[in-house]
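Trainee: There's a structure below that I have some questions on.
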Amino acid sequence: MAGTSLLALLDDIATILDDVTVMTKVAAKKTAGVLGDDLALNAQQVSGVRAARELPVVWAVAVGSLKNKGILVPAALAISAFLPQAITPLLMIGGLYLCFEGFEKIAHSVLHKDEKAQRKQELVAAVADPEADLVALEKEKIKGAVRTDFILSAEIIVIALGSVEGKPFMEQALVVIMIALVMTVGVYGLVAGIVKMDDAGLYLSKLGNAVARGFGRFLLAAAPVLMKFLSVVGTAAMFMVGGGILVHGIPGSHDVVHHAQEVMADVPAVGPVLSFITESVIGAVTGLVAGALALVVVTVVGKLWHSTKKPA
């Protein structure tokens with residue numbers, strides 16, 4: 001009996017782990033929309049730091065990210081255990097915030113180009129100034145990156161939790177913890193690689209081997225392009241993921257999306273392709289509209305709030 005019970009227990013554990021693996025993959029796909037933006041934002045946060053201090057800064061931010069998740073994961077699991085009906089509203093809020101953040105980024109890049117360029121020049125000047133307080137600059141950057149990470153981590157955890165809604169608590173906990181750890185290691189490992197690409201390229205470009213020099217020049221040219229690509233892809237993914245969350249949170253939306261896919265599937269030659277991307281396109285359009293409306297509301301409310309604070 002003891003042997004049979006042990007085998008049954010091992011079988012149950014294996015089944016749970018298999019389920020967790022599958023659910024983790026699903027959750028990872030849903031949270032991947034935040035990943036590109038996460039990479040670009042964090043890589044940009046540590047730019048302007050002296051080359052020798054880039055990796056220590058990335059490590060400090062990664063430790064801060066783990067601390068953030070140490071707060072967020074138990075809070076999310078507590079909500080799931082004691083107030084599960086709050087998961088969908090939280091997921092909708094997280095989706096709307098993703099859309100808002102994406103549209104705000106677009107609006108800021110269009111309306112505040114000069115401000116961004118000036119900020120970059122100030123950072124370069126601060127690092128080049130021998131009298132600048134580099135320790136204070138570094139600490140400021142780390143604090144800013146950790147604050148940014150808290151918001152992005154909250155989005156990731158809420159999305160991951162929403163993907164396992166209704167599952168047993170232990171499976172939810174394992175999936176959310178695994179996503180938190182994998183995203184932290186993945187994001188900051190890649191950030192470390194991105195911020196050191198130019199250094200690696202510079203080193204290789206000075207070697208005697210022609211192939212190494214060519215690859216080094218390629219890395220030097222690719223580093224800024226990669227940063228731009230990650231930023232663009234991350235923004236697009238924010239609309240698709242955030243808009244998709246909003247669409248799925250609306251009652252009856254699944255039938256509408258399914259009908260649209262069937263209509264697209266009937267288009268000659270390209271029907272299967274159109275049907276495949278229909279859900280993503282609907283999510284992206286919804287995300288753009290929701291982000292624009294959210295930005296308008298936040299801007300108007302902000303102006304009204306500041307106007308009430310002005311002395312009479």
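The values are calculated or read from the model by the stated rules, or taken from the named source; none is laboratory data. On a predicted model such as this, the values are computed, not experimentally measured, just so you know. A quick note on method: Cβ atoms are made from the backbone with ideal geometry, for glycine too, and the neighbour counts reach across all protein chains shown. These accessible areas exclude ligands, DNA and RNA; they are computed on the full protein's heavy atoms, side chains included. Shrake-Rupley method; radii C 1.70, N 1.55, O 1.52, S 1.80 Å.
Trainee: Is it the case that ALA269 is outside any helix (DSSP H, G or I) and without any contact (Cβ under 8 Å) to a residue 60 or more places away in the chain?
Mentor: When the stated conditions are applied, ALA269 passes them.
Trainee: Assess whether GLY208 counts as being outside any helix (DSSP H, G or I) and either open to solvent by less than 30 Å² (accessible area, probe 1.4 Å) or farther than 24 Å from VAL289 by Cα (or both).
Mentor: When the stated conditions are applied, GLY208 passes them.
Trainee: Look through GLY214, GLY243 and report the one residue that is under 20 Å from the mean Cα position of the chain (by Cα) and part of a helix (DSSP H, G or I).
Mentor: On inspection, the qualifying residue turns out to be GLY243.
Table: residues versus (1) surrounded by 12 or more Cβ atoms within 10 Å (Cβ to Cβ); (2) touching a helix residue (DSSP H, G or I) at 6+ places or on another chain (Cβ under 8 Å); (3) assigned to a helix (DSSP H, G or I); (4) at pLDDT 80 or above.
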| position | (1), (2), (3), (4) |
| --- | --- |
| PRO74 | yes, no, yes, yes |
| THR88 | yes, yes, yes, yes |
| GLY102 | yes, yes, yes, yes |
| GLN118 | no, no, yes, no |
| ALA136 | no, no, yes, no |
| ILE142 | yes, yes, yes, no |
| ALA145 | yes, yes, yes, no |
| THR148 | yes, yes, yes, no |
| LEU152 | yes, yes, yes, no |
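Trainee: For the structure I just gave you, tell me whether VAL297 is of a type outside the set (Gly, Ala, Ser) and either under 20 Å from SER163 (Cβ atoms) or assigned to a helix (DSSP H, G or I) (or both).
Mentor: When the stated conditions are applied, VAL297 passes them.
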